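Please read the structure below before turning to the comments.
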Amino acid sequence: MPHWLLPIAAYNSFSGEIIMEKLVVGIIGLSLGRIHLDGAVKYGAEIGGICDLKEDFLEEMGEKYNIPEEKRFTDYRDILNIKEINTVILATPDQLHREQIIESLEAGKHVMCEKPLALTREDLEAIVEAASKSDRKVMVGQICRFTPAFVKAKEIIDAGTIGEIYYVESEYAHDYMHILADMSIWRSDPKRHGVIGGGCHAVDLLRWYVGDPVEVFAYGTHKLLPQVAYDDATISVLKFPNSIIGKVFVSTGCKRDYTMRTLIYGTKGTIICDNTSPTMRLYTVGENGMAEEYETIEVDVNNHNAAREFEVFADTILGKAPLEMTATEGAKTIAACLAIVESAQSGVPVKPDYNF
């Protein structure tokens with residue numbers, strides 16, 4: 001039997017506790033959850049159950065990963081009722097996250113939840129409170145923190161290669177037209193504003209690089225997706241700590257390929273990267289203080305690096321690393337997104353509320 005399926009004794013140097021468990025995972029929601037299922041399998045975790053409302057898709061995934069019929073479910077509570085399952089991955093509609101996270105914690109499961117953590121302030125507060133009272137781990141799946149180009153950019157920033165950061169920008173450009181062909185789909189919910197549901201990727205990425213925005217100002221427009229109630233294009237200007245300024249552009253009806261083009265400007269150089277290209281650019285300055293020829297850095301194209309994401313999640317459960325993408329961190333990202341939406345609607349600057 002592989003070592004990772006044996007009971008594991010791990011000393012958590014961060015909490016001082018001894019952890020005795022193996023990773024037995026339940027995947028809830030397979031449309032997006034299939035990449036998490038694949039990531040858990042590649043890590044070597046035991047799959048204790050999978051769940052999806054679509055029985056044909058459930059069967060397809062079960063057959064592909066050799067998961068027996070008795071471990072396939074259409075009701076997520078069946079997953080929670082299996083004592084052996086100690087970890088669940090929630091790749092379900094955003095509107096269900098509050099209920100499912102809280103129920104999972106009450107059932108004694110560690111939880112990794114797809115972004116966004118929730119859509120409303122009320123739900124965010126309830127989730128953070130439940131997580132703080134539980135001894136289980138809750139990690140929010142902000143996948144951009146595992147995208148190779150963005151990880152490389154973070155390494156360059158932290159190394160001081162481009163000096164002091166003064167401006168950052170990111171965009172979430174994704175045409176939802178084909179996604180919204182079926183208006184019964186969860187993405188069309190009026191609460192799921194494009195900035196919150198998708199733009200949270202760009203907001204979280206900039207938070208990861210330079211900290212929490214202290215104030216935002218935004219404009220929105222609605223010309224591309226008449227079938228939804230929210231603005232389908234939003235531009236926001238953000239003020240970060242240390243006199244850093246930034247911009248986030250979100251368009252869920254744009255007529256172009258999906259991208260999250262991101263730029264980081266420093267006093268000694270500039271990084272230009274995205275999540276869909278095999279290369280990124282790094283500009284640095286010479287002795288005269290002028291920009292030299294840029295360096296092309298080759299990176300893997302993996303904008304849904306679920307394998308690495310699961311590995312990090314597993315390490316936190318097993319006490320090998322501290323948990324960084326906590327429920328509170330996930331809530332702060334959405335708090336910034338809610339402030340952007342509020343500013344676009346009110347026409348005045350808004351200070352995000354990070355008190356959870």
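Quick look at the numbers
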quantity: Filter result (open to solvent by 60 Å² or more (accessible area, probe 1.4 Å) and under 17 Å from Phe356 (Cβ atoms)) within segment 94-120; calculated: Arg98
quantity: Some residue of segment 298-308 being under 20 Å from Ile101 (Cα atoms), buried (at least 17 other Cβ atoms within 10 Å of the Cβ) and out of contact with any Leu (no Cβ under 9 Å at 6 or more places or on another chain); calculated: no
quantity: Sole exception among (1) in contact (Cβ under 8 Å) with a residue 60 or more places away in the chain; (2) open to solvent by 20 Å² or more (accessible area, probe 1.4 Å); (3) within 23 Å of Phe356 (Cα to Cα) for Met139, by number; calculated: (2)
quantity: Tally, over segment 145-157, of residues that are basic (Lys, Arg) and open to solvent by less than 30 Å² (accessible area, probe 1.4 Å); calculated: 1
quantity: Matching residues in segment 309-322 - criterion: being open to solvent by less than 30 Å² (accessible area, probe 1.4 Å) and β-branched (Val, Ile, Thr); calculated: Thr316, Ile317
quantity: Ile82 being out of contact with any Ser or Thr (no Cβ under 8 Å at 6 or more places or on another chain), assigned to a helix (DSSP H, G or I) and of a type in the set (Val, Ile, Thr); calculated: no
quantity: Residue within segment 77-89 that is in contact with a Pro (Cβ under 9 Å, 6 or more places away or on another chain) and surrounded by fewer than 18 Cβ atoms within 10 Å (Cβ to Cβ) present; calculated: no
quantity: Residue count for segment 158-204, restricted to those that are part of a loop (DSSP other than H, G, I, E, B), open to solvent by less than 50 Å² (accessible area, probe 1.4 Å), out of contact with any helix residue (DSSP H, G or I) (no Cβ under 9 Å at 6 or more places or on another chain) and over 18 Å from Ala233 (Cβ atoms); calculated: 2
quantity: Lone qualifier among Ile67, Ile8, Ile27, Ile50 - being closer than 19 Å to Ile317 by Cβ, surrounded by 14 or more Cβ atoms within 10 Å (Cβ to Cβ) and at pLDDT 95 or above; calculated: Ile27
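Yes/no per residue for (1) open to solvent by less than 50 Å² (accessible area, probe 1.4 Å); (2) without any contact (Cβ under 8 Å) to a residue 24 or more places away in the chain; (3) charged (D, E, K, R):
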| position | (1), (2), (3) |
| --- | --- |
| Leu206 | yes, no, no |
| Asp212 | yes, no, yes |
| Ile235 | no, yes, no |
| Lys239 | no, no, yes |
| Asn242 | no, no, no |
| Val248 | yes, no, no |
| Cys254 | yes, no, no |
| Tyr258 | no, no, no |
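The values are calculated or read from the model by the stated rules, or taken from the named source; none is laboratory data. In this text the structure is predicted, and so the values were computed from the model without any measurement. Reconstructed Cβ throughout: ideal geometry from the backbone, glycine too, with neighbour counts over all protein chains shown. What goes into the accessible areas is simple: the full protein's heavy atoms, side chains included, and nothing from ligands, DNA or RNA. Shrake-Rupley method; radii C 1.70, N 1.55, O 1.52, S 1.80 Å.
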